[in-house]
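**Q** Take a look at this one; I'll ask things after.
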Amino acid sequence: MGAYAFQNAFLAGERRKTRLSTLFVVKSRAASGLSPKARAASQLGGAVEGAADRRKFTVRRIDAFARWLLSFGGEAVPVAPSALVNEFERQARETRDIYASGK
């Protein structure tokens, strides 16, 4: 996904922009660490001084950003703000519930 398309997906709408900090967690056993998708995403957003494993983003749609983070299967998880962490956890829980119920 191009940087332009990525940026517009989370900046669409009239809501106030929110600065977010997201932690990229390496959970892969591969020598290179992150999957190619997570490695590419770790270059998006802005650097967080003194925290090489974090990126900061400015978004309007926390729900859409949380869905994007879920696509990393645990390689990228939000750490702030609490509204994003809560939305991410809610979406993850609801997704698990769907699969657990067999629907």
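The values are calculated or read from the model by the stated rules, or taken from the named source; none is laboratory data. Source: prediction; values computed, not measured. A quick note on method: Cβ atoms are made from the backbone with ideal geometry, for glycine too, and the neighbour counts reach across all protein chains shown. Ligands, DNA and RNA are excluded from the accessible area calculation, which covers all protein heavy atoms including side chains. Shrake-Rupley method; radii C 1.70, N 1.55, O 1.52, S 1.80 Å.
**Q** Taking region 39-88 as the region of interest, what is the percent of Cα-Cα pairs per 5 angstrom bin, listed from the shortest bin to the one with the maximum distance?
**A** 4, 20, 33, 28, 13, 1
**Q** Follow-up. THR95: accessible area at probe 1.4 Å, nearest 10 Å²?
**A** Surface open to solvent at THR95 totals about 60 Å².
**Q** Moving on. Taking R0 as 22 Å, what's the FRET efficiency between SER71 and ALA47 from their Cβ-Cβ distance, rounded to 0.05?
**A** In this case the efficiency is close to 0.50.
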